[in-house]
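Presented below is the structure to which this report refers.
The values are calculated or read from the model by the stated rules, or taken from the named source; none is laboratory data. Source: prediction; values computed, not measured. Cβ coordinates were reconstructed from backbone atoms using ideal geometry, including for glycine residues, and neighbour counts include every protein chain displayed.
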């Protein structure tokens, strides 16, 4: 600041540069930056520069954390897990549902979803198990058509198939297994009679 005042007082620039050990380019740079300012403005400007530097570093750290969170959420967590995390954040921290959903990248519909199909799954499984036990040669289509047309259930095939595939496959495997119990005793008697 004193160098600029000396230059304004009439001291030649070349002498000031030699005296303070600086180049003419540095002097002109300072003059373009600080020319016409008093000490309070320069102090305020340096404070703002320092505050700006701190905010930039904070922003860089927060954006890095945000990117890491997005990467971790996008790779390793299913939507149901992200939904649970969002619900926990809303309950514990009192964050709005919209903010929690944006943070964990789920829709508000997914957040509010409540599964009501477990009871229906059990009912479907019970029906299919009874049908395939009584009618061993029935596959999925016959079981589905019976439930739909005879029993009057409004389930479509996409609703019944996941449960039906498991139940029917299990019952058919059980039907293919050899029966244990009286058969081995009969075979030993047959071999004894034959021998």
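Counting only residues that are loosely packed, with under 15 Cβ neighbours inside 10 Å and modelled with pLDDT of 85 or more, how many does region 111-131 have?
The qualifying residues number 1.
At pLDDT 70 or above and either closer than 18 Å to residue 102 by Cβ or in the same structural domain as residue 107 (by TED's automatic domain parsing) (or both): is that true of residue 48 in this structure?
No: the conditions fail for residue 48.
So is residue 53 modelled with pLDDT of 75 or more, over 30 Å from residue 105 (Cα atoms) and in contact with a helix residue (DSSP H, G or I) (Cβ under 6 Å, 6 or more places away or on another chain) or not?
Values: modelled with pLDDT of 75 or more: yes; over 30 Å from residue 105 (Cα atoms): yes; in contact with a helix residue (DSSP H, G or I) (Cβ under 6 Å, 6 or more places away or on another chain): no.
So residue 53 does not fit the description; no.
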